[in-house]
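Every read-out reported here was derived from the displayed coordinates using simple, explicitly stated rules and does not represent laboratory data. This is a predicted model, so every value here is computed, not measured. Here the Cβ is made from the backbone with ideal geometry for all residues, glycine too, and neighbour counts use every protein chain on show.
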Amino acid sequence: MNVLAISGSLRADSHNTALLRALREEAPSGVEIELWDGLREIPPYDADADGAPGPATVEALRALVREADAVFFATPEYNSSVPGALKNALDWASRPIATNAFRNKPVAVIASSTGAFGGVWAAAELRKVLGAMGARVVEVELAVGHAAEKFDGAGELVDGDVREGLRDALDTLVAEVSPELVAA
Amino acid sequence: MSATEQIEQAIPTGTWTADTVHSGITFEVPYAVATFRGEVPAFEASLVDGTLTGVAQIASLTVKDENLHAHLTSPEFFDAERHPEVTFVSSEIRRDGDSVELPGELTIKGITRPATLAGTITGPAVDHLGATRVGLHLQTTVDRTQFGMTFNMPLPNGEPALSNDVTLKAELTLVGQEA
C-alpha cells in the first residue's frame with residue numbers, strides 16, 4: 001500500500017513535516033509512505049490556467065494522489081485555519097470536482113502547533129475542505145500541542161504518546177483501505 | 001359490506017412490477033428558504049404477494065448541477081462507491097379504502113432502519129392495452145443523520161442551511177404480471 005504524506009508547512013524545520021517523517025518510521029509492513037515535497041512549486045490557483053492539462057506541477061500532484069491508496073495530512077494552523085499554500089494546492093487538486101483525484105480517496109488529517117491546542121481548528125477546516133472535495137475522511141483526531149517540546153535538537157520525535165497517536169492514526173487510515181494490513 | 005367494497009379494500013395478490021417510465025423516486029429537503037428536490041431515475045420495484053420491494057441506484061441521482069451530483073454521491077452524503085443502492089422492503093401493507101401504510105425497512109448508505117411509507121393506492125384498473133395496473137403514491141420523512149449524512153453549512157444567522165429531515169417519495173405504477 002502506498003500512502004502519500006502531505007505537510008501543510010514549507011518551513012525547513014517544520015514540526016508537521018517532522019511528524020510525517022516519524023510516521024514513516026512507524027509504518028507497518030506492507031505500507032510505503034512517500035513524503036510529498038512539491039508544495040512550494042504549486043502556482044496560485046487561476047481558473048484561466050485551469051485547463052487540461054493544468055500546470056505541470058499540479059498534474060504531478062494529481063498523479064501522485066491518484067496513484068496513492070490513501071493520503072495523510074499534517075497541517076499547521078495559520079489564523080485559526082488551513083495554511084494558504086496547502087489550501088491552494090487542494091483547490092488545484094480538486095478540479096474538476098466530479099472526477100478529481102481525491103474523490104473517494106481515504107484521507108487522514110492531523111495537526112500540530114507550538115500553542116496549546118495543536119492546530120485543532122486547522123485540522124477541522126482541512127477535514128471540511130477534503131469532505132467537500134469528495135474524499136473519504138477517516139475518523140482521526142490528533143492535534144499535537146506545544147510541538148517544540150516533542151522533538152529533540154535533530155528534529156526527531158521523542159514523545160512516546162505522540163508516536164503512539166501517529167501509529168493509531170495510520171492504522172485507522174490503512175484499515176479504511178485494507179483492513180487485513182492492520183490485523184497482520 | 002358489498003362485494004365491490006371488499007375488492008377495493010384488498011391488497012393486490014400475485015406479482016406486480018413497476019413500469020419505471022411511469023413511476024418516479026424523488027426526494028425533497030428544505031434548504032435555506034426553499035425546498036431542494038432530486039430524482040433517482042434508475043430503480044426497480046415490485047409487489048410480490050403483498051411485499052413491496054424497491055431498489056434504487058444512487059449514482060443515477062439527477063440534480064441540476066454536476067458538482068452537486070458529485071457532492072451528493074461522495075462519502076459525505078450517499079457514498080455511492082461503497083453503498084450504490086438504496087432499498088426498501090415492506091413487512092406489511094395496511095389498506096383502508098384508498099389509504100395505505102407500508103411499514104418496513106429502509107437501507108441508505110448501508111444503514112438499515114425501520115420506516116413507514118404512507119399514502120394512497122389507486123386501482124387495480126385495466127389500461128388501454130389490457131394490462132392491469134395499480135398505482136401507489138407513497139412517502140416517508142427520515143432524519144438523514146440517522147443514515148450517516150451529517151453534512152451541513154451554517155447560514156449567516158447561525159442556523160443550518162440544510163434540514164436533517166428529508167422526504168422520500170415513490171410514485172409507482174405497478175403492472176400485474178401473468179402467473
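Worth a mention:
- Within 10 Å of the Cβ of each residue in A:131-139, the mean number of Cβ atoms contributed by other protein chains is 4.
- Within the listed set A:A111, A:A22, A:A56, the Gaussian network model of chain A (springs between alpha-carbon atoms below 10 Å) gives the highest mean-square fluctuation for A:A56.
- Total formal charge among the other residues, if their Cβ is under 12 angstrom from that of A:K105, Lys/Arg +1 and Asp/Glu -1: 0
- Judged by the ratio a/c of the largest to the smallest principal axis of the C-alpha gyration tensor, chain B counts as prolate, that ratio being 1.5 or greater while a/b is larger than b/c.
- For the range B:48-113, alpha-carbon Rg relative to the globular expectation (2.2 N^0.38 Å, N residues): 1.38
- Partner chain coverage, peptide B:79-87 - average Cβ within 10 angstrom: 1
- Stretch in chain B that is longest and holds no trypsin sites (Lys or Arg not before Pro) that DSSP places in a loop and that have at most 13 other beta carbons within 10 Å: B:83-179
- Most mobile listed residue (A:L130, A:L157, A:L173) in chain A, GNM with C-alpha springs under 10 Å: A:L157
- Table column - 3J(HN,Hα) (Hz), the range B:17-24, Karplus curve with 6.51, -1.76, 1.60, x for Gly and Pro: 10, 5, 7, 6, 5, 9, 9, x
- Partner lysines whose Cα lies under 19 Å from the Cα of A:K150, excluding those fewer than 8 positions away in the same chain, are not found.
- Loop-located trypsin sites (Lys or Arg not before Pro) in the range A:15-96 (DSSP state not H, G, I, E or B) with no more than 14 neighbouring Cβ atoms inside 10 Å do not occur.
- Built from the Cα atoms of the protein assembly as shown, the convex hull projects on average onto 24.1 nm², one quarter of its surface area.
- For the range B:149-160, backbone phi angles converted through the Karplus equation (6.51, -1.76, 1.60; θ = phi - 60°) give residue-by-residue couplings of 10, 9, 3, 7, 9, x, 6, x, 7, x, 6, x Hz, Gly and Pro being listed as x.
- Taking a ≥ b ≥ c as the square roots of the eigenvalues of the alpha-carbon gyration tensor, the range A:2-47 is classed oblate because a/c is 1.5 or more while a/b is no larger than b/c.
- Spin-label pair B:A161-B:D49: with each label point 7 Å from Cα along the Cα-Cβ axis, the two points sit 4.9 nm from one another.
- The simple spin-label model puts a point 7 Å past each Cα toward its Cβ; for B:D96 and B:D143 those points are separated by 2.6 nm.
- With the largest listed first and rounded to whole Å, the semi-axes of the equivalent ellipsoid of the range B:102-179 from the Cα gyration tensor are 36, 15, 10.
- Here the gap between B:A32 and B:L68, fully extended at 0.36 nm per residue and compared with their Cα-Cα distance, gives a gain of 11.4 nm.
- Cα shape, the range A:34-111, gyration tensor, a/c 1.5 rule: oblate
- Sites A:S81 and B:T112 - FRET efficiency at Förster radius 41 Å, r taken between beta-carbons, to 0.05: 0.60
- Here's the list of lysines a cross-link from B:K169 could span, going by alpha-carbon distance under 19 Å and ignoring same-chain residues fewer than 8 apart: B:K64, B:K109.
- Across chain A, the fraction of Cα-Cα pairs farther apart than 28 Å, rounded to a whole number, is 19%.
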